[in-house]
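Comments concern the structure below.
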Amino acid sequence: MADPAAPAAPSGEPPAPRVRLSRRGVLVLCLLGALIAGSLGWLVFVSSALDVRSVAVQGLDSGRLSQDEVARALGGLRHGPLARVDLAEAQRRVQSVPRVAKAEVWRGWPHTLRVKVTERRAVASVRTDDGRFAQVDAGGFTFATEAAAPAGVPVVDLQLGQQANDALAVFDRQALVQAAITVAAGLPPEVAKQAGAVQVHSYDDVRLQLAGGVTVRWGVRSGPRARPWC
């Protein structure tokens, strides 16, 4: 007796035949798939069809770091298949550039290696023994030395008195400079632009010389109307 729930076959039409592959057919399909995969792998990882042809750099805001300088840091990674670029090594090389604080590198298919940099920002300049100015970031890292201090960046000036000189065995010059850098790094941007110098007289006497002759000494502003700095 026929199952009433089973769909009825159209009258006069034979059932559709099932397609079955022979072992040889399966083997041919497998070989064809392997050939396609191998060709794609060769195209991407070996051939020059998808080579690196350009380096695009983002984040060059200061005008002091050029795209060419970043590209040169990549060295041989700028050549060869894009898929084979070691992105971690590329990031490490870009971050070895003194002016670069942080870098991100990724692939921009089909031919571009893309780099995003965060530049170091000078919070102070330190006068060197030869009269030049070393630019220092908030972490105390010296990343550039130039003939003049950048505009809007205070200059660290050691003006040590006898007491400070006597205490150099405990608070050496590097520690005093770092104290001044810490003060400069904590300045609001609008105040930093007015600061011509950060004068260090001793480990507990750091003074900011602001535009207009105003002096800030460890949180106290002195002048015609001295009042607490806030």
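Would you be able to tell me the number of residues in the range 74-100 that are small (Gly, Ala, Ser) and open to solvent by 30 Å² or more (accessible area, probe 1.4 Å)?
3
Cβ-Cβ distance below 6 Å, separation of 6 or more or different chains: which pairs start in the range 95-117 with a residue that is under 27 Å from Glu146 (Cβ atoms) and end on one that is assigned to a loop (DSSP other than H, G, I, E, B)?
Partner pairs satisfying both residue conditions: Arg99/Leu65; Arg99/Arg120; Ala101/Arg120; Lys116/Gly59; Val117/Gly59.
Answer yes if at least one residue in the range 123-136 is in contact with a Ser or Thr (Cβ under 8 Å, 6 or more places away or on another chain), under 18 Å from Leu176 (Cα atoms) and polar (S, T, N, Q), and no otherwise.
yes
Of all residues in the range 131-173 being open to solvent by 70 Å² or more (accessible area, probe 1.4 Å) and aromatic (Phe, Trp, Tyr), which is nearest to Arg99 (Cα to Cα)?
Per the criteria, the residue is Phe141.
The values are calculated or read from the model by the stated rules, or taken from the named source; none is laboratory data. In this text the structure is predicted, and so the values were computed from the model without any measurement. Glycine also receives a Cβ, built like all others from the backbone with ideal geometry; neighbour counts cover every protein chain displayed. The area values use the complete protein model at the heavy-atom level, side chains included, leaving out ligands, DNA and RNA. Shrake-Rupley method; radii C 1.70, N 1.55, O 1.52, S 1.80 Å.
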